[in-house]
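J.: I have a structure I would like to understand better, so I am pasting it below and will then ask my questions one at a time.
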Amino acid sequence: MEPLSLRGACRLYLIKDVDSVRTPDDLAGRESIPSAIPSNAEIDLMNAGKIGDVYFGNNILSLRGRELYDLWYEISFSLDEKQSAGNPYLVFHGVDTIAEYFLNGVKIGASDNMLVEHAFDIATTAKIGENRLFVHIFSPVRAASKEEYYAYMVAFPLNFASVRLRKAPHMFGWDIMPRLLSGGIWRGAEILFRKDIGIENCYFATLRADTRRATLWFQYSLRCPPELYGKATLRLSAKCGDSEIDYAEKVNFCVSTARIDVAEAKLWWVRDYGEPNLYEARVSLISENGVVLDEKQYRFGLRTVEIERSDLAGKENGGRFRVLLNGIPVFCKGTNWVPADALHARDEERIPAILDKVRDLNCNIVRCWGGNVYEDDRFFEFCADHGIFVWQDLAMACQMVPTDEKFQKQMREEVKKLCLRVRNSPALLLYCGDNECDWGLMVNEMDPANNLITRKTVPETLFRYDPFRPYLPSSPYVSPSAWETRDENLLPENHLWGPRDCFKANYYTGSKAHFISEIGYHGCPNVSSMKKFLSPDKLWPWQDNDEWIAHCTAPDGKGDFFSYRLKLMSDQIGEFFGIEAQNLQTFAFASQVSQAEAKKFFIEWARLSKWDKSGIIWWNIQDGWPQFSDAVCDYYGQKKLAYYYIKRVQKPVVLMMREPQNWHLEAVVANDGSKDAKGEYEVIDADTGETVLAGEFFSPANENTAVGRVRVSTGAHKLFLLKLHVGGETVVNHYLHGKPPFDLEKYRSYLRQIAAFDRSFDADSVAK
């Protein structure tokens with residue numbers, strides 16, 4: 001039977017005197033406003049004209065009082081006789097956060113986690129004809145206030161309530177997101193109908209894979225009466241191109257596992273290392289008379305992944321952090337994935353365009369940051385289709401959560417639901433226990449090994465439901481050996497933020513990290529974008545500007561929590577150009593240039609350090625609300641200059657320059673692909689137009705190849721234009737030589753040459 005969608009119109013009641021409304025009957029005579037599934041309360045309030053655009057000016061700060069409101073949603077649906085008799089159950093894919101549910105006056109259940117789906121059996125409470133459903137969402141602040149807190153707990157000053165609630169951490173206020181606790185039915189809801197006999201779920205994993213064969217681990221579980229044991233048949237049919245899998249066995253129990261050898265297997269690969277081959281599979285439960293009792297469709301990929309990692313960084317410690325895909329080392333280049341929108345009901349309409357930018361930049365990995373929600377199935381499908389790894393943090397960030405049994409139970413259920421939903425995606429590289437929680441504990445002189453959630457609860461649950469996937473307890477992970485040293489520079493996988501001064505400073509270039517999973521640099525949004533979220537009289541100057549402070553992002557709006565980022569952005573302009581910008585257009589342009597050169601350098605530095613460094617995941621692709629940040633696209637999707645520079649240096653084969661040494665720059669062809677590359681290279685002095693280096697090159701697959709040197713003086717400021725002709729394509733790049741400060745007007749002239757090299761952007765439109 002087809003699912004019955006509950007998407008569409010409903011009513012929302014916002015209750016300030018929460019104790020006066022305990023049941024749906026208490027709502028009689030109360031005012032309601034139009035709502036919808038999915039939605040957030042703030043979206044409904046804006047649509048009803050009750051509040052202004054919460055993303056404009058300082059409006060976000062006016063919402064603090066609404067954190068104490070309860071929300072009640074009233075939903076109507078109808079069932080026919082067949083549906084009513086079809087074992088209906090109600091599924092909410094996202095309710096934020098603490099909620100109880102009433103159907104036709106009867107309480108049918110409760111939930112306490114916005115991050116995963118919740119299902120309720122309604123076979124005895126639903127009726128033929130019209131049904132009335134109420135969802136009561138409790139104030140998150142009031143709910144968190146009733147919980148117990150312990151001495152070891154760590155969180156940002158505004159975020160302590162988050163350690164007890166399974167609500168996206170960013171919603172309590174972050175340096176990249178506003179404090180917007182919100183609430184609502186933020187994902188879809190539906191009524192499903194369960195067959196008495198059917199396929200419950202299937203699990204596909206790859207035990208071994210090489211160029212010719214693979215071994216598939218296939219497990220299924222059924223809703224099946226014992227009377228069918230030994231009689232019914234379970235069949236798996238899967239196809240990818242000319243590779244086929246046809247497996248069948250008698251059903252001897254409701255659960256079974258098989259190892260299936262696949263000859264001439266087509267393996268799944270990330271971008272530039274091969275094709276992201278996917279098998280289209282059909283699993284059928286068939287009676288002894290040949291009747292198909294149930295059938296489900298799946299997509300899976302055949303591939304193995306392994307994380308080679310050491311406890312400590314540095315050659316002297318045998319340091320490493322490297323991803324192996326089907327036994328082949330992969331150099332990872334990609335972006336951190338943050339909330340698509342602070343109001344998560346908007347996620348589904350925003351995510352496709354953002355993912356298309358990830359693909360356009362040739363990212364082969366996205367790291368789903370632990371301050372976010374878990375993205376939906378379409379996100380994982382896109383990444384699987386386009387050969388993009390997904391690094392999945394669990395939704396804990398910059399905090400120490402409770403380790404009591406109540407929280408452990410919540411996490412077991414959350415991890416189970418997440419695993420069962422995403423585990424068949426070949427794109428899913430690893431699970432990570434949290435974001436920077438180990439780091440925070442170490443800084444506060446507490447041993448991260450005492451975090452039972454990431455050391456015991458999570459890995460035990462992962463082993464139950466997805467035993468073949470790598471797991472990292474935290475990012476960055478502080479191993480027992482690292483804890484003994486108390487030295488952040490000895491973490492093999494690390495986040496490089498630091499002072500954020502000159503991007504070529506020793507803090508970056510001297511890092512021992514072998515895998516950089518966070519690194520960023522500020523870039524001002526386009527002026528046209530700023531006009532959409534700042535009042536006309538608040539566009540300039542930035543100093544002592546309350547709207548700039550609110551959007552920098554300072555969740556308290558007072559200028560003492562994350563507001564340092566405004567001065568940081570100005571200081572980075574001063575570092576690169578030696579000036580203090582005197583108007584908004586100059587500020588925006590200079591900031592975007594410094595960001596673009598910084599992020600280009602970070603990626604090149606990592607690629608030139610291959611295999612001592614084996615990956616870089618920069619921060620980040622796009623903002624989730626209008627702000628001043630490290631993102632390379634602003635909230636409105638407008639691309640900053642860094643976007644175009646990153647697109648060039650993330651090509652699989654590209655020409656780059658090492659930093660000067662012994663009077664010379666070394667030109668290197670970086671090849672991050674699975675095939676040998678050959679062609680011609682050229683280095684042009686942009687000031688004279690002279691070709692200073694040229695020739696033919698051959699670069700073995702997955703390796704770097706030095707092709708020549710250019711003599712320079714360290715004190716000179718020069719621009720070199722770099723060009724490769726490879727595989728029928730011209731690949732361009734540039735290298736800005738010299739030490740800052742650089743002349744702003746000279747750089748404007750350079751930028752026109754940089755842009756004209758492949759005409760991928762208009763130099764005169766940058767930052768406007």
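J.: Which residue pairs have Cβ atoms under 8 Å apart, sit 6 or more places apart or on different chains, and have a first residue in region 407-420 that is among the charged types (D, E, K, R) and a second that is surrounded by 18 or more Cβ atoms within 10 Å (Cβ to Cβ) and in a helix (DSSP H, G or I)?
T.: Partner pairs satisfying both residue conditions: R412/T457; R412/T461; K416/T461.
J.: State all residues of region 250-273 that are part of a loop (DSSP other than H, G, I, E, B), under 28 Å from G673 (Cα atoms) and among the hydrophobic types (A, V, I, L, M, F, W, C); if no residue qualifies, say none.
T.: Answer for region 250-273, where residues must be part of a loop (DSSP other than H, G, I, E, B), under 28 Å from G673 (Cα atoms) and among the hydrophobic types (A, V, I, L, M, F, W, C): A265, W269, V270.
J.: Sticking with this one: Suppose the filter is β-branched (V, I, T) and within 31 Å of the chain's Cα centre (by Cα); does I197 pass it?
T.: No, not satisfied.
J.: Please tell me if Q585 is at pLDDT 95 or above, in contact with a His (Cβ under 7 Å, 6 or more places away or on another chain) and assigned to a helix (DSSP H, G or I).
T.: no
J.: Here is a further query. Here are R486, R469: which of them is on the phi > 0 side of the Ramachandran plot and assigned by the TED database to the domain that holds W618?
T.: R486 is the lone residue from the list that is on the phi > 0 side of the Ramachandran plot and assigned by the TED database to the domain that holds W618.
J.: Does N424 count as of a type in the set (S, T, N, Q) and assigned to a loop (DSSP other than H, G, I, E, B)?
T.: So N424 fits the description; yes.
J.: Any residue at all in region 8-24 that is of a type in the set (S, T, N, Q), out of contact with any helix residue (DSSP H, G or I) (no Cβ under 8 Å at 6 or more places or on another chain), assigned by the TED database to the domain that holds V95 and in contact (Cβ under 8 Å) with a residue 24 or more places away in the chain?
T.: yes
J.: Give the residue that is surrounded by the fewest Cβ atoms within 10 Å (Cβ to Cβ), with candidates limited to residues of region 263-287 that are farther than 23 Å from H386 by Cα and not hydroxyl-bearing (S, T, Y).
T.: Residue satisfying both the conditions and the ranking: A263.
J.: Still on this structure, please answer the following. When region 292-309 is examined, which residues are found to be more than 18 Å from A248 (Cβ to Cβ), in a strand (DSSP E or B) and in contact (Cβ under 8 Å) with a residue 40 or more places away in the chain?
T.: Matches in region 292-309: R299, L302, V305, E306, I307, R309.
J.: Using the structure shown, decide if D623 is acidic (D, E), buried (at least 23 other Cβ atoms within 10 Å of the Cβ) and in contact with an Asp or Glu (Cβ under 8 Å, 6 or more places away or on another chain).
T.: yes
J.: Further question on the same structure: Go through (1) farther than 23 Å from Y643 by Cβ; (2) assigned to a strand (DSSP E or B) for K675 and report which single condition fails.
T.: (2)
Yes/no matrix, rows are residues, columns are (1) of a type in the set (S, T, N, Q); (2) at pLDDT 95 or above; (3) touching a strand residue (DSSP E or B) at 6+ places or on another chain (Cβ under 8 Å):
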| residue | (1), (2), (3) |
| --- | --- |
| R421 | no, yes, no |
| P426 | no, yes, yes |
| L430 | no, yes, yes |
| N451 | yes, yes, yes |
| K456 | no, yes, no |
| P470 | no, yes, yes |
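J.: What are the pairs with Cβ atoms under 7 angstrom where one residue, in region 350-362, is buried (at least 18 other Cβ atoms within 10 Å of the Cβ) and the other, located anywhere, is among the β-branched types (V, I, T)? Sequence gap at least six, or different chains.
T.: I354/I621; K357/I621; V358/T335; V358/V366; V358/I388; V358/I621; L361/I646
The values are calculated or read from the model by the stated rules, or taken from the named source; none is laboratory data. Everything numeric in this text was worked out from a predicted model, so none of it was measured. Cβ sites come from the backbone with ideal geometry, for glycine too, and all protein chains shown count toward neighbours.
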